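The values are calculated or read from the model by the stated rules, or taken from the named source; none is laboratory data. Being a predicted model, the structure only gives us computed values, none of them experimental. Cβ placement follows ideal geometry from the backbone for every residue including glycine, while neighbour counts extend to all protein chains displayed. These accessible areas exclude ligands, DNA and RNA; they are computed on the full protein's heavy atoms, side chains included. Shrake-Rupley method; radii C 1.70, N 1.55, O 1.52, S 1.80 Å.
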Amino acid sequence: PEICDGVDNDCDGFDDNDAPCPLGESCIQGQCAIEITTCGTLDQINGYYILVTDIDTSPLVPADYMCFIIASNGITLDGNSHSITGDGTPSWDKGVYAGAVEGVTVKNLGISNFNKAGIHFFNVQDSFILDNVANSMNQKGINAIAVIGIFAVLVVVGTIGVRYLITEKPEEASTPED
């Protein structure tokens, strides 16, 4: 039988066709993934979330003015070459926010027109920011405060760039709004 692993297990010439995944997930690129089409909180421990459409937040008011809030350990947010676009207000809005988590990956995401930061990590450990494109940020493409073991590769176009305030003890860091 076929399983979701990127391999043609049943030898029919197709990888992962009709491969089973848990309820609410689809087999995408060899992984059971939760398809997302709107902003929200990503909170399934070790969840693999994949964006399946572009999101324009300007007609919406996302929770706390953040499109995605990563709220559990081990989450992967795969933009799947799609983008999220803010409206540039208020002054603290963020495209992706992760706080007090570890083992997080944000990848393959286009992010534009968020005022505070495209990706904002606060007190995050052992995580990756890979192959994202930040465009037209008013302040920063990546804002990482009180982080340990973060590997970031970001293409920044027309934005201020990256700010890191790295401390060994999160309690020494400033508040997430800094």
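Descriptive notes on the structure:
- Residue within region 119-127 that is open to solvent by less than 10 Å² (accessible area, probe 1.4 Å), outside any strand (DSSP E or B) and on the phi < 0 side of the Ramachandran plot present: yes
- Cross-chain or 6+ apart pairs with Cβ under 9 Å, region 8-26 first and part of a loop (DSSP other than H, G, I, E, B), then aromatic (Phe, Trp, Tyr): Asp8/Phe14; Glu25/Tyr48
- Extreme residue, nearest to Ile69 (Cα to Cα), among residues of region 27-42 that are part of a loop (DSSP other than H, G, I, E, B) and either of a type in the set (Gly, Ala, Ser) or at pLDDT 90 or above (or both): Cys39
- Qualifying residue in region 134-152 (condition: open to solvent by less than 60 Å² (accessible area, probe 1.4 Å) and modelled with pLDDT under 75): yes
- Among residues of region 100-117, those that are open to solvent by less than 20 Å² (accessible area, probe 1.4 Å) and modelled with pLDDT of 90 or more, counted: 6
Let's see how each residue does on (1) of a type outside the set (Lys, Arg); (2) closer than 15 Å to Ser127 by Cβ; (3) touching a strand residue (DSSP E or B) at 6+ places or on another chain (Cβ under 6 Å):
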{"residue": "Ile28", "(1), (2), (3)": "yes, no, yes"}
{"residue": "Thr38", "(1), (2), (3)": "yes, no, no"}
{"residue": "Ile45", "(1), (2), (3)": "yes, yes, no"}
{"residue": "Ile55", "(1), (2), (3)": "yes, no, yes"}
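- Consider region 48-63 and keep the residues that are part of a loop (DSSP other than H, G, I, E, B) and either under 12 Å from Asp78 (Cβ atoms) or of a type in the set (Asp, Glu) (or both). The one that is modelled with the lowest pLDDT is Val52.
- Of all residues making up region 80-99, the number that are aromatic (Phe, Trp, Tyr), crowded, with 24+ Cβ neighbours inside 10 Å and not in a strand (DSSP E or B): 0
- Unique residue being in a strand (DSSP E or B), aliphatic (A, V, I, L, M) and open to solvent by 20 Å² or more (accessible area, probe 1.4 Å) when the list is Ile45, Ile69: Ile69
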